[in-house]
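The values are calculated or read from the model by the stated rules, or taken from the named source; none is laboratory data. Fair warning: this is a prediction, and the values are worked out from it, not measured in the lab. Positions of Cβ are backbone-derived with ideal geometry, glycine not excepted, and every protein chain shown enters the neighbour counts. Quick note on the areas: whole protein, heavy atoms, side chains included, nothing else; ligands and nucleic acids left out. Shrake-Rupley method; radii C 1.70, N 1.55, O 1.52, S 1.80 Å.
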Amino acid sequence: QTKSRRQMTMAHIGNSIRRRLSPFAILLLAYAAQLSSAIPAPSLHELPKTTSLASSPSKSQSNDDANPTNNNPFHFDPTSQYPRPSLLTSSSPFSFLLTKWIQANSLALLEQAVEDHNAEHVATSPSLADSLSYRRCIVLPLDDRFDPPVGVFSHNHVQTGDKMSLSRNFWEAIAKSKAEVPWLFEVTRVEGVTSPRVQVPLDEFHPTSKNLSRVVGGALDFRCPENYAFLPHWMMKALGLRPRDVVDVRLVTTTPPGSAVKLRPHSNSFLNIHNHQAVLETELKHYSALTLGTTIPFDYRGERFFFDVVDLRSAPRGERVGTAKVQDCDIAAEFVRAKDEMEKMKNERDRKRRSAESE
């Protein structure tokens with residue numbers, strides 16, 4: 001009885017506090033709304049200042065015509081999330097709440113644009129399997145929190161494989177379409193939708209990586225939120241993606257089986273490993289498919305090695321292809337001269353040329 005009386009007393013106190021605070025909450029929301037209408041929020045669609053177009057527009061063109069992605073609802077400006085607001089540094093609780101609201105609004109607009117596109121696709125698809133096998137997704141990088149438990153094949157290979165975390169609709173698409181293993185998914189940059197590529201230094205020994213627009217990989221799991229996809233770091237880098245960029249993800253069943261691949265190690269030290277060919281064959285098992293122009297990582301005895309995919313052939317004719325299956329295929333892997341060794345040879349040639357010119 002005493003316990004019941006104490007609970008009733010606490011409930012009465014809680015209700016009394018809520019009744020007294022509710023007018024203040026209403027005033028706070030009204031004030032925040034007034035401030036948000038008076039102070040222009042950062043544009044969701046504004047591109048970074050460092051991005052430049054290939055050709056400058058004429059003076060008669062408007063700013064929107066000069067930069068068509070200004071009106072792109074799928075573009076997310078990561079600077080809209082920083083600096084993080086803090087009650088300790090904010091001038092008032094109202095400015096703190098307003099900043100939080102503006103940042104949440106930017107992300108909500110992006111998620112709504114993606115949701116609307118996917119809803120339209122589902123509504124206009126000719127079949128249930130087709131409606132499930134494609135989504136426009138917001139991408140984020142995988143981290144160690146996605147590492148499967150011990151005993152699962154991909155354990156400790158989240159970043160050294162081609163597996164991505166996808167939403168449940170892709171699992172349902174596999175069941176409806178009766179797709180055969182390996183289950184492969186194509187991640188594609190969308191022209192006019194995906195934000196400009198992250199600029200990286202040009203690799204003269206691997207020029208095909210500069211304009212890569214699609215990568216094929218497998219699935220790590222099907223438990224990520226709807227309209228999102230989590231990719232390994234090397235895949236994000238290959239496509240020039242930033243966190244919360246927007247891409248298209250599709251279940252593909254037409255990827256040809258591979259017959260041969262040529263890999264360029266970044267370091268010659270990998271070739272010094274005893275029986276490195278066996279190490280390669282073991283690590284390749286964590287890739288369901290390979291994409292020409294990508295740089296894939298392997299781990300061996302605590303050290304990470306990187307390899308450029310410089311040539312890829314399909315079975316049975318040996319034609320050069322952009323993507324090929326590796327899983328359940330008899331594929332011959334061959335190494336070409338390591339990148340660090342080629343850089344040494346280039347530096348030596350340049351040194352000899354300079355000395356000849358000076359003479």
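What to note about this one:
- Set 240, 151, 218, 192: member being on the phi > 0 side of the Ramachandran plot and open to solvent by less than 20 Å² (accessible area, probe 1.4 Å): 240
- Candidate set from region 111-137 (those that are closer than 16 Å to residue 167 by Cα and β-branched (Val, Ile, Thr)); member that is most open to solvent (accessible area, probe 1.4 Å): 122
- Test: residue in region 283-295 that is farther than 23 Å from residue 240 by Cβ, acidic (Asp, Glu) and under 31 Å from the mean Cα position of the chain (by Cα): yes
- Every residue from region 336-355 that is closer than 30 Å to residue 258 by Cβ and open to solvent by 40 Å² or more (accessible area, probe 1.4 Å): 337, 340, 341, 342, 343, 345
- Hits in region 175-184 - residues which are more than 10 Å from residue 255 (Cα to Cα) and not in a loop (DSSP other than H, G, I, E, B): 175, 176, 177
- Filtered residues of region 224-262 (kept if among the β-branched types (Val, Ile, Thr) and within 20 Å of residue 78 (Cβ to Cβ)): 246, 247
- Sub-7 Å Cβ pairs linking a first residue in region 172-199 that is touching a residue at least 60 places away in the same chain (Cβ under 8 Å) to a second residue that is in a helix (DSSP H, G or I) and open to solvent by 80 Å² or more (accessible area, probe 1.4 Å), at least 6 apart or interchain, are 192/68, ordered by first then second residue.
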